[in-house]
Each structure stands twice: as C-alpha cells, then as structure tokens.
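To keep things clear, I will list the structure first and then write my remarks on it.
Derivation of every value follows stated rules applied to the coordinates shown; laboratory data play no part. None of these values were measured; they are calculated from a predicted model. Here the Cβ is made from the backbone with ideal geometry for all residues, glycine too, and neighbour counts use every protein chain on show.
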Amino acid sequence: MFAAGLAESAGAPAAERSGTFWGIVEMIAGQTDLAWIASINSRQTSCSRQTSCSRQWAWNFLLALLTSALCSVMQGQELARFDVPALVEGCELVSPFADETSSAKNTERLLQVAMPVSVWLEPQRRDAFYAVEFRVAWAKSIYPLMDYWPKSSTQSAVEGVVLTERHADRRFSGGVATDGLLQTFATVANASASLEEQVSRRYAEIPEQAPLVESGPFERSTGAFFRFHDSRQMVVEGGRELRLLYRLPRSWRAGLLLVEARAYLRRGLGEEPQLAAQRKFLVPVHLADDESARQLAIAYVQAENRLRGAWTEAGTRASISRPVGAWLRRGLVSQDLDRMLSENSGEQLRSASEKLDRQVRAATEQWLSRREALLGLSR
C-alpha cells in the first residue's frame with residue numbers, strides 16, 4: 001500500500017532531501033536487506049546479553065523510525081491528487097496585427113493551448129487548504145507567451161459599496177501670562193482663548209477585496225502560473241481550464257509542456273502557507289490538423305505508460321527477493337520518477353534505470369527516443 005502511494009507522488013526534490021530525514025531513509029534502503037537482518041539475528045544467539053539487548057534496541061529504533069516516515073509520507077500523499085490530460089491539441093489563431101503580405105505571417109504562428117486540470121482534496125482536510133497552484137511552461141524549448149487566462153481577480157464578501165460615517169471633535173485652548181517690572185511699578189497681562197469644532201463626514205467606501213485567482217507570466221514571460229484561492233465564492237477542488245497563447249515559429253508542429261501542480265495548507269496568522277502536495281506532468285502538444293504529429297504524441301504517451309509499468313513491476317520483483325531494502329528503494333525511486341522524466345537531458349533517468357532489470361532499461365531507451373522524436377517537431 002505504501003509503495004503504491006509512493007508511486008503516485010512526485011515527492012520533494014533530491015536537494016531538499018539531502019541531509020534530512022529522507023537522506024537517512026535512502027541510506028537505510030540502500031544498505032538494508034534480509035541477509036543483514038538474518039546475520040544480526042544469528043549473532044544475537046552467540047553474543048552476550050548486553051550486546052544482544054543493544055542490538056535489539058537499535059533494531060527497534062530503526063523500525064520505529066521507518067514507521068514514522070511511512071506514516072508521514074502516506075498522510076502527505078493523501079492530502080491532494082492532481083490530474084492533467086495525457087495530450088492536448090493546439091489551435092492556430094490568426095493574428096489581428098498581421099496581414100496576408102506580412103513577413104510575420106510566413107515565419108510565425110499563434111498557438112492557443114487549452115489545458116484542463118483538476119485536483120482532488122482529502123475530504124476531512126478540505127477546509128484547511130489555502131490555495132492550489134498550476135505552473136505551465138515548455139519543457140525544453142523557450143517560446144514567448146502572448147496571453148493567458150484566467151486573469152487575476154478579487155471579490156469581496158460584501159456586494160456593492162460600504163457607507164461610512166465618521167465624527168471628529170477638535171478642541172483648542174491656551175493662555176499667555178506676562179509679568180514685568182519697570183522701575184517703580186509692575187504690570188501683569190493675561191490672555192486666554194478656546195476653540196471647539198465638530199466635524200462629520202459621510203462617504204461610500206469600497207469593501208476589502210480578497211483574491212480569488214492570481215495569475216501572471218513567469219520565467220521571463222515564457223510560462224504562466226495560476227493560483228486559485230479557497231473562499232466563499234470559489235472552491236479550489238474540482239476541474240477548471242487554463243488557456244495559454246504562444247508565438248511559435250512556422251516550422252513548429254509539436255512539443256512538450258511541463259505542468260507543475262502544488263497544493264498549500266493554511267498555517268497560523270502571519271505564517272507562510274505550507275506546501276502539502278506537489279507533482280509534475282509532461283503533456284505533449286500537437287497541431288490540431290497535423291495527423292503525423294498527433295501520432296508521434298500518442299506514441300510518446302504509450303512509451304511513458306510502458307516505462308511507468310516496467311518501473312512498478314521491477315520494484316515488485318525486487319521486493320520479493322529483498323523485502324526491506326528493495327521495498328524502500330522501490331518507493332523512493334518511484335517517488336522521483338516524475339522529476340526524472342521532466343529533466344531535459346534524461347541522464348538521471350538512464351542512470352537510475354541501469355540499476356534495475358533489462359525491461360526497465362529497454363522501456364527507458366524507448367521513452368527517450370520517442371521524446372527526442374517529438375521534440376524534433378518543435379525546432
């Protein structure tokens with residue numbers, strides 16, 4: 001159950017796990033197997049009682065450590081689940097600023113991509129979610145973003161304007177006294193003044209606005225982010241559509257979009273929201289009227305599904321022979337599979353697959369070749 005849950009999660013990057021608890025778990029996964037456990041059990045019979053108790057205490061501590069890790073990971077995985085389409089079509093639009101004789105029409109094209117996305121939230125923690133965010137950008141190539149939707153929007157819990165009336169009282173009082181002595185006589189002068197004013201103002205005030213959607217370009221206007229906030233007017237759970245408009249070269253026929261999904265939980269007042277779930281997807285995009293590009297995109301999706309299946313089967317077979325170390329290793333590697341698939345060079349994926357069986361290596365090479373063929377249509 002835990003391994004299946006790990007396969008669904010993108011997990012934290014390796015840089016965030018190094019030197020932390022996950023680094024310890026990875027070390028344990030790489031060094032622990034049944035032979036090592038059996039050797040400990042056999043030595044306990046011949047060692048002294050003190051040594052046996054020490055080793056037994058260490059083994060119990062290890063089991064408690066692993067149990068805590070498994071529970072925390074399972075809780076994080078069940079908080080949110082994301083979904084994006086396996087592949088999408090891009091529709092070419094006619095630019096209103098380019099006529100039939102312009103050079104831009106012959107060298108560039110405007111492509112609109114409609115990306116449906118959805119998120120499922122754990123029912124018992126649904127009210128604790130603060131926002132859900134999607135980031136969309138090209139996986140390898142860089143193309144300028146012309147427009148995006150939905151735009152940033154706000155809404156108030158109060159409809160219309162708020163009538164405000166304020167009263168202010170102003171009072172001023174003061175006094176001056178002088179006492180001077182001039183030769184044989186004395187003079188005394190006193191002065192005082194007071195002022196009282198009452199001010200009343202009444203005006204219409206715009207009520208406080210809360211963000212519903214925050215969106216905008218990022219990565220030097222080559223991608224867009226969309227953050228949906230939970231509020232009375234909108235729930236973050238469910239499906240919605242993202243639209244992006246790119247300016248591409250005329251030779252472009254297909255490509256890969258990298259979609260990163262994140263879910264945030266509310267925290268205390270004045271504290272930053274907590275990242276609760278995260279996952280990355282590679283979505284092939286092709287021209288709507290290009291059948292050969294569509295077939296290459298379908299072949300890429302099939303190769304990715306075959307790779308994920310081979311990865312899971314390899315972990316299952318390894319778990320039978322080495323239930324402890326390989327079982328943990330399978331979960332951790334599956335947890336990083338989405339991150340390795342989104343890597344541009346593919347070297348990490350190839351290096352990890354070499355440690356597994358022949359079927360995984362063959363599926364990895366097939367996926368890499370299909371990816372290169374698809375990216376060849378974006379040049």
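Projected label points at Thr107 and Gln302, each 7 Å from Cα along the beta carbon direction, are separated by 3.9 nanometres. Once backbone amide H atoms are built at 1.01 Å from N, Ala288 has Gly90, Glu92 as its partners under 5 Å, excluding neighbours fewer than 5 places away on the same chain.
Sequence-ordered 3J(HN,Hα) estimates for segment 246-251 from the Karplus curve with 6.51, -1.76 and 1.60 and θ = phi - 60° stand at 10, 9, 10, x, 4, 6 Hz, glycine and proline given as x. The GluC sites (Glu not before Pro) of segment 233-299 meeting both criteria, a DSSP state outside H, G, I, E and B (loop) and at most 14 other C-beta atoms within 10 angstrom of the site's C-beta, are Glu271. The length gained on full extension between Lys140 and Ser118, counted as 0.36 nm times the residue separation minus their Cα-Cα distance, comes to 5.5 nm.
Given axes a ≥ b ≥ c from the Cα gyration tensor, I'd like to know whether segment 227-285 is rounded (a/c under 1.5), prolate (a/b larger than b/c) or oblate. Spell out each step's value before the answer.
Working: a/c = 3.00, a/b = 2.27, b/c = 1.32.
Because a/c hits 1.5 or more and a/b exceeds b/c, segment 227-285 counts as prolate.
The order of the peptides 128-136, 226-234 by mean Cβ neighbours within 10 Å, most packed first, is 128-136, 226-234.
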